[in-house]
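Q: The structure that follows is given in the form of structure tokens.
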């Protein structure tokens, strides 16, 4: 059925988090990084592929008062959408964003790439690699990184309980790319506890494709992450 009508691609960037772990005194996505708001760098990666996407949508909280100053030129085209439907959890924000896309004309068989606003180091090349790997896949998939470190499980009192085999372990990243209708159904069934889209898809009994990403595509979460992200962004600027 997916071949009866052409599929479109939509980028959905949840941007409604409070950034409590970042210790920045406000939403981390709006903190300055290399002279601009963190989320501006994220949006740039998708804008570089604007011809690929029917929609680039940013999901913010209904009472968000900072996005307009952080992203004064967003939206700047008909394909860019500011969706003020963010929820209390990431899963709720994504689910509400998908519903909004459907209401605005996106089809169930369209592909949607969900990407964390705080993963500001993703590159257009990585996004293209995900699309190329998944657009003809029956399920869809996600960028991920093979685990390089030794992995330990902990006891309740904070001691090593076991050393786990790492050969088959991956760190999930974003974007995560699935058919809009299937993803919306999965999130509605999974509830707000899931921390990424792939988990919801897995709960349907499906197996998303793992697409190698980059160690630089990390999520800015803790205070020390800002300095590392800034160093990477400035290094890229010098090399361009």
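Q: Restricting segment 54-82 to residues that are outside any loop (DSSP other than H, G, I, E, B) and either surrounded by fewer than 18 Cβ atoms within 10 Å (Cβ to Cβ) or more than 19 Å from the chain's Cα centre (by Cα) (or both), which is modelled with the highest pLDDT? Talk me through it step by step, then tell me what you get.
A: Of the residues in segment 54-82, the ones outside any loop (DSSP other than H, G, I, E, B) are 55-59, 67-70, 80-82.
Right, trim to either surrounded by fewer than 18 Cβ atoms within 10 Å (Cβ to Cβ) or more than 19 Å from the chain's Cα centre (by Cα) (or both) and you get 68-69, 82.
Details: 68: 95, 69: 95, 82: 98.
Among them, the one singled out is 82.
Q: Further question: Find all pairs meeting these conditions: Cβ atoms under 6 angstrom apart; at least six residues apart or on different chains; first residue within segment 218-240 and in contact (Cβ under 8 Å) with a residue 12 or more places away in the chain and at positive phi; second residue loosely packed, with under 14 Cβ neighbours inside 10 Å and assigned to a helix (DSSP H, G or I).
A: Cβ pairs passing all conditions: none.
Q: Follow-up. Out of contact with any strand residue (DSSP E or B) (no Cβ under 7 Å at 6 or more places or on another chain) and within 20 Å of residue 201 (Cβ to Cβ): which single residue out of 90, 65, 119, 95 fits that description? If you could, list the steps in order and put the result at the bottom.
A: Details: 90 fails: out of contact with any strand residue (DSSP E or B) (no Cβ under 7 Å at 6 or more places or on another chain); 65 fails: within 20 Å of residue 201 (Cβ to Cβ); 119 fails: out of contact with any strand residue (DSSP E or B) (no Cβ under 7 Å at 6 or more places or on another chain).
Every option except 95 fails the conditions.
Q: Okay, moving on. Scan (1) closer than 20 Å to residue 144 by Cα; (2) in contact with a helix residue (DSSP H, G or I) (Cβ under 6 Å, 6 or more places away or on another chain) for the single condition residue 190 breaks and write down its number.
A: Of (1) closer than 20 Å to residue 144 by Cα; (2) in contact with a helix residue (DSSP H, G or I) (Cβ under 6 Å, 6 or more places away or on another chain), only one is false for residue 190: (1).
Q: Applying the selection to segment 31-43, what residues are more than 16 Å from the chain's Cα centre (by Cα) and either free of Cβ contacts under 8 Å to residues at least 12 places away in the same chain or within 23 Å of residue 100 (Cβ to Cβ) (or both)?
A: The answer is 32, 35, 36, 37.
Q: Residue under question is residue 46, and the condition is that it be buried (at least 17 other Cβ atoms within 10 Å of the Cβ), farther than 17 Å from residue 174 by Cβ, in contact (Cβ under 8 Å) with a residue 24 or more places away in the chain and touching a strand residue (DSSP E or B) at 6+ places or on another chain (Cβ under 8 Å); does it hold?
A: Numbers: buried (at least 17 other Cβ atoms within 10 Å of the Cβ): yes; farther than 17 Å from residue 174 by Cβ: no; in contact (Cβ under 8 Å) with a residue 24 or more places away in the chain: yes; touching a strand residue (DSSP E or B) at 6+ places or on another chain (Cβ under 8 Å): yes.
No.
Q: Can you pull out the residues in segment 224-233 that are surrounded by 13 or more Cβ atoms within 10 Å (Cβ to Cβ) and more than 16 Å from residue 122 (Cβ to Cβ)?
A: Keep residues of segment 224-233 that are surrounded by 13 or more Cβ atoms within 10 Å (Cβ to Cβ), which gives 225-226, 228-230, 232-233.
Passing the criteria: only 226.
Q: For residue 142, are the conditions met, namely being in contact with a helix residue (DSSP H, G or I) (Cβ under 7 Å, 6 or more places away or on another chain), touching a residue at least 60 places away in the same chain (Cβ under 8 Å) and either within 28 Å of residue 29 (Cβ to Cβ) or crowded, with 16+ Cβ neighbours inside 10 Å (or both)? I'd like the intermediate steps shown before the answer.
A: Working: in contact with a helix residue (DSSP H, G or I) (Cβ under 7 Å, 6 or more places away or on another chain): yes; touching a residue at least 60 places away in the same chain (Cβ under 8 Å): yes; either within 28 Å of residue 29 (Cβ to Cβ) or crowded, with 16+ Cβ neighbours inside 10 Å (or both): yes.
In short, yes.
The values are calculated or read from the model by the stated rules, or taken from the named source; none is laboratory data. Please read these numbers as outputs of a predicted model, since none were measured by experiment. Methodologically, a virtual Cβ is constructed for each residue, glycine included, from the backbone with ideal geometry; neighbour enumeration extends over all protein chains shown.
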